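The structure under discussion appears below in the form of structure tokens.
Just so it is clear, none of the values below were taken in a lab; they were calculated from the coordinates. This structure is a prediction, so every number in the text was calculated from the model and none was measured. All Cβ positions, even for glycine, are placed from backbone atoms using ideal geometry, and neighbour counts span all protein chains on display.
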Amino acid sequence: MKNVEHIGIAVKDLSKGNALYSQLLGVEPYKLEEVASENVLTSFFRIGSTKIELLEATTEESAIAKFIAKRGEGIHHIAFEVEDIESEMERLRNEGFRLLNTAPKKGADNKLVCFVHPKDANGVLVELCQSIHQ
Ligand code: ZN
């Protein structure tokens with residue numbers, strides 16, 4: 001794995017979250033994107049060599065809605081950049097980690113993503129992400 005690509009933060013209200021994080025970080029989000037397959041609205045802030053992703057649920061079935069109902073707003077996941085997501089998934093499977101998806105899926109911000117079960121990572125939801133070159 002390479003650098004921390006971004007940190008995902010679950011928020012109840014994305015426009016309020018955007019206003020707050022713009023003040024906190026001193027930059028505006030560079031992107032707003034809906035990921036319909038995940039039932040989330042996202043925004044991204046570039047901060048140094050990494051990013052902050054805010055996530056708001058668009059439906060009750062969204063993992064973000066469930067997370068907030070259970071634990072409240074806060075850090076939802078840490079995403080690590082990988083060169084080759086398929087081989088990283090294979091490596092982790094061989095190490096005994098449970099992955100939440102069997103094949104990489106299309107995430108926000110032009111990424112292929114896969115999640116590692118938080119129970120296998122001390123309660124932290126870990127995202128692997130590989131940039132899709134266009
Ligand atoms: Zn993410």
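Tell me, what HN-Hα J-couplings in whole Hz come from the Karplus equation 6.51 cos²θ - 1.76 cosθ + 1.60 at θ = phi - 60° for each residue of the stretch 27-40, using x for Gly and Pro?
9, 8, x, 8, 7, 10, 8, 9, 10, 4, 4, 9, 6, 9
At a Förster distance of 35 Å, what's the computed FRET efficiency of Lys2 paired with Arg98, Cβ-Cβ distance as r, to 0.05?
0.95
Which loop-located trypsin sites (Lys or Arg not before Pro) does the stretch 31-99 contain, where loop means any DSSP state but H, G, I, E or B and the Cβ has at most 13 other Cβ atoms within 10 Å?
Here the sparse-neighbourhood loop sites are Arg98.
Hey, what did the stretch 25-124 get for relative contact order, percent, Cα under 8 Å, at least 6 apart?
RCO, the stretch 25-124: 17 percent.
Could you give me the radius of gyration and the Dmax of the chain, taking only the C-alpha atoms into account and expressing both in angstrom?
14.4, 43
Among the listed pairs Lys16/Lys111; Lys31/Lys70; Lys66/Lys106, which are separated by more than 23 Å between their Cα atoms?
From the list (Lys16/Lys111; Lys31/Lys70; Lys66/Lys106), the Cα-Cα distance tops 23 Å for Lys16/Lys111; Lys31/Lys70.
Would you mind calculating the gained length between Ala69 and Glu83 on full extension (0.36 nm times residue separation, minus the Cα-Cα distance), in nm to one decimal?
1.6 nm
So if R0 is 22 Å, what FRET efficiency would Lys31 and Asn122 give, r being the distance between their Cβ atoms, rounded to the nearest 0.05?
The formula returns an efficiency of 0.15 here.
For the chain, which longest stretch is free of loop sites, where a loop site is one of the chymotrypsin sites (Phe, Trp or Tyr not before Pro) that DSSP puts outside H, G, I, E and B and that has at most 15 other Cβ atoms within 10 Å?
Counting only loop sites that pass the neighbour cut-off, the longest clear stretch is 31-96.
Looking at Val4, Asn122, His77, which one has the Cα that reaches farthest to the positive end of the dipole of the chain (charges on Cβ: Lys, Arg +1; Asp, Glu -1)?
Of the options given, the answer is Asn122.
In whole Å, how far is the Cα centre of the stretch 97-134 from that of the stretch 69-94?
Computed from Cα coordinates, the inter-centre distance equals 4 Å.
Which residues among the stretch 49-84 fall inside the zone where the amide N is under 20 Å from a point 7 Å beyond the Cα of Gln23, along Cα→Cβ?
Flagged as within label range: 52-56, 73-75.
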